[in-house]
Structures are given as C-alpha cells and as structure tokens.
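The values are calculated or read from the model by the stated rules, or taken from the named source; none is laboratory data. None of these values were measured; they are calculated from a predicted model. We place every Cβ from the backbone using ideal geometry, glycine too, and count neighbours over all the protein chains shown. Note: accessible area is taken over every heavy atom of the protein model, side chains too, but ligands, DNA and RNA are not part of it. Shrake-Rupley method; radii C 1.70, N 1.55, O 1.52, S 1.80 Å.
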Amino acid sequence: MSNIALIIAGGVGARMRQDIPKQFINVYDKPVIIYTLEAFQNHPGIDDIYVVCVEGWEQMLRVYAKQFGITKLSNIIHGGTNGQDSIRNGVEAIAEKYNDDDIVLIHDAIRPMVSSDIISDNIRVCSQYGTAISVVPCTAAMLKTYDGETTTQQVPRDNLKTTQTPQAVTLGKLKWAHKEALARGITNSVATCTMFIELGQELHFSLGSEKNLKLTTPEDLEIFKALYNSKKDGWIK
C-alpha cells in the first residue's frame with residue numbers, strides 16, 4: 001500500500017493582499033509551499049507527492065522543488081475552477097498510477113507547519129478506517145447568526161471539532177465520492193470532509209494541532225514566523 005500526498009496549491013489568496021499567490025510568498029528566503037512540501041518529503045511514510053498548482057506557476061514550482069530537493073514530487077496538475085474541482089483533477093491523476101486501496105493525503109499548500117506526528121496519525125487512522133480527518137477540539141464559544149451582525153443562540157462546543165488538513169481517504173473511496181458528488185449536483189463543497197458529509201458518509205478523526213496553521217491573512221504570516229522561530233521541529237531544515 002502506498003501513501004500519496006496531494007498538495008492543493010490552486011488558490012490565488014486575495015485576502016493576503018499580495019501580488020503573488022500566497023503559497024509562493026517567501027518567508028526567510030523560502031516559499032511557503034516548500035515548507036509544506038518538505039514536511040511530506042521528509043516523512044518516511046510518504047511515497048509520492050502530487051501538487052495541484054495555480055495556473056502559470058507550474059514551472060516556478062518545478063524550479064523551487066529542484067532547488068530545495070523535493071525529490072518525491074512526481075506530478076504537477078492544473079487547478080480547477082474551485083477547490084473540489086482541483087482535488088478531483090489531482091485524484092484523477094493519481095488514479096492513473098495507483099490502486100484503490102492506496103491512501104491519498106489531501107493537504108493545503110498553505111499549512112506549512114504540519115508535523116510528522118499529524119501525518120503519521122492521518123495515515124494510521126485511514127489505514128484502519130478508510131478515512132482520516134485532522135481535527136482539533138473547539139475551544140471557543142460558538143454563536144449562531146442569521147444576519148452576520150447579531151445573535152441570540154449559542155452552539156454547544158462539546159460536540160464540535162475544527163477541521164484541518166491533511167484529510168486522508170483511500171483512493172477508491174475518493175474516486176467514488178467525486179463521481180457521486182457530480183451525479184448529485186454537488187460541485188463546490190468547501191473541503192473533502194464536507195463533500196463526504198454531504199454524501200452521507202461517516203468520517204474518522206485523526207490528530208491535529210493548533211500549530212497546524214492555515215495562512216490566509218497577513219497576520220497569519222506573522223504567526224507562522226513566530227512559530228517557526230520559537231521551535232524548529234525535526235522536519236524543518
């Protein structure tokens with residue numbers, strides 16, 4: 001059984017207010033996406049890396065991969081019209097080489113702090129159950145609003161989890177889910193986990209971390225720099 005990382009780097013990141021896609025922003029002379037790729041490159045359980053890349057940046061990614069020694073990168077795929085479409089493109093490319101019982105770990109290119117422990121637990125849970133969604137407990141007070149400005153309702157947090165990536169699924173399940181989603185008219189689900197929920201499927205949780213930060217805003221970049229400088233884990237070079 002093989003474990004394939006599918007890195008989603010198809011977004012442009014308008015909220016980052018930069019001229020280049022946020023996954024290619026340089027932090028300490030290294031693009032964000034390279035920090036992410038290094039985590040999977042250095043994990044002994046990962047056999048191959050595929051990247052779904054924003055249009056026009058494919059060659060730049062190849063150059064960076066060569067420069068920083070990302071030898072497991074074997075395929076760069078064009079992004080789609082939305083996240084679900086981009087992931088489906090990646091799944092279809094992986095299916096040309098791998099078998100239905102192989103594991104695909106879908107991960108945001110803009111989560112550069114993913115740890116070896118998170119990747120390992122994602123693989124472990126998926127190997128046992130066929131799915132694994134990285135999560136952390138919800139620690140905030142959750143309020144429901146219908147107008148975006150006021151609220152009179154809370155949502156009990158004890159039964160809530162905050163999802164992250166990687167989200168691992170066996171290739172056969174992924175192929176079925178994307179085909180079934182299109183057949184049901186589900187075309188823009190916000191994540192792999194939400195698409196599976198919309199299809200009525202049970203999912204299993206794996207380890208997440210508050211440090212597994214998604215870089216969405218300029219403030220997130222500052223937090224990433226602070227985390228990076230506070231402690232260099234073994235996979236960070």
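Whenever you get a sec, compute what percent of the accessible area on the chain sits on carbon and sulfur atoms (1.4 Å probe). Using a 1.4 Å probe with all protein chains present, the chain comes out at 49 percent carbon and sulfur. Among 198-207, 173-182, the peptide with the highest mean count of other Cβ atoms within 10 Å heads the list, and the full ranking is 173-182, 198-207. For segment 134-217, DSSP calls about 75 percent of its internal beta bridges antiparallel. Extending 7 Å from Cα along the Cβ direction at residue 180 and again at residue 204 yields two label points whose distance is 1.7 nm.
Computed from the Cβ-Cβ distance with R0 of 25 Å, the FRET efficiency linking residue 190 to residue 92 stands at 0.80.
A 1.4 Å probe run over segment 1-81, with the rest of the protein chains in place, finds 46 Å² accessible per residue.
By the gyration tensor of its Cα atoms, with a ≥ b ≥ c the square roots of the eigenvalues, what is the shape of segment 110-169: rounded for a/c under 1.5, prolate for a/b over b/c, or oblate? Prolate, because a/c is 1.5 or more and a/b exceeds b/c.
Projected label points at residue 222 and residue 144, each 7 Å from Cα along the beta carbon direction, are separated by 3.5 nanometres. Spatially, segment 147-167 and segment 18-36 are offset by 30 Å when compared through their Cα centroids. Per-residue ellipticity at 222 nm computed for the chain from its helices equals -10500 deg cm²/dmol, with DSSP H segments shorter than 4 residues left out and the rest contributing -39,500 (n - 2.57). Classified by the C-alpha gyration tensor, the chain has a rounded form. Its axis ratio a/c, with a ≥ b ≥ c, is below 1.5.
Summarising the strand pairing of the chain, around 40 percent of its internal DSSP beta bridges are antiparallel. Taken as Cα centroids, segment 106-138 and segment 171-219 sit 12 Å apart, rounded to the nearest whole angstrom.
With a ≥ b ≥ c taken as the square roots of the eigenvalues of the C-alpha gyration tensor of segment 1-117, please select rounded if a/c is under 1.5 and otherwise prolate if a/b is larger than b/c or oblate if it is not? Oblate shape, in that a/c is at least 1.5 and b/c is the bigger or equal ratio. Backbone phi angles across segment 195-208, fed through the Karplus curve with coefficients 6.51, -1.76 and 1.60 (θ = phi - 60°), yield HN-Hα couplings of 5, 5, 5, 4, 8, x, 9, 7, 10, 10, 8, 10, 5, x Hz in residue order; Gly and Pro are listed as x.
Residue ranges 224-230, 50-56 sort as 50-56, 224-230 when ordered by packing (mean number of other C-beta atoms within 10 Å per residue, highest first). Each peptide among 123-134, 100-111 gets the average number of other Cβ atoms lying within 10 Å of its residues, and from highest to lowest they stand as 100-111, 123-134. Among 208, 90, 80, the largest mean-square fluctuation in a Gaussian network model of the chain (Cα springs under 10 Å) belongs to 80. Residue pairs exceeding 18 angstrom between C-alpha atoms, taken from 97/175; 22/72; 30/225; 173/211; 72/225: 22/72; 173/211; 72/225. The string of couplings for segment 164-172 from the Karplus curve (6.51, -1.76, 1.60, θ = phi - 60°) is 9, 10, x, 10, 9, 8, 5, 4, x Hz, one whole number per residue in order, with x for Gly and Pro.
DSSP bridge analysis restricted to segment 4-136 gives an antiparallel fraction near 5%, rounded to the nearest 5.
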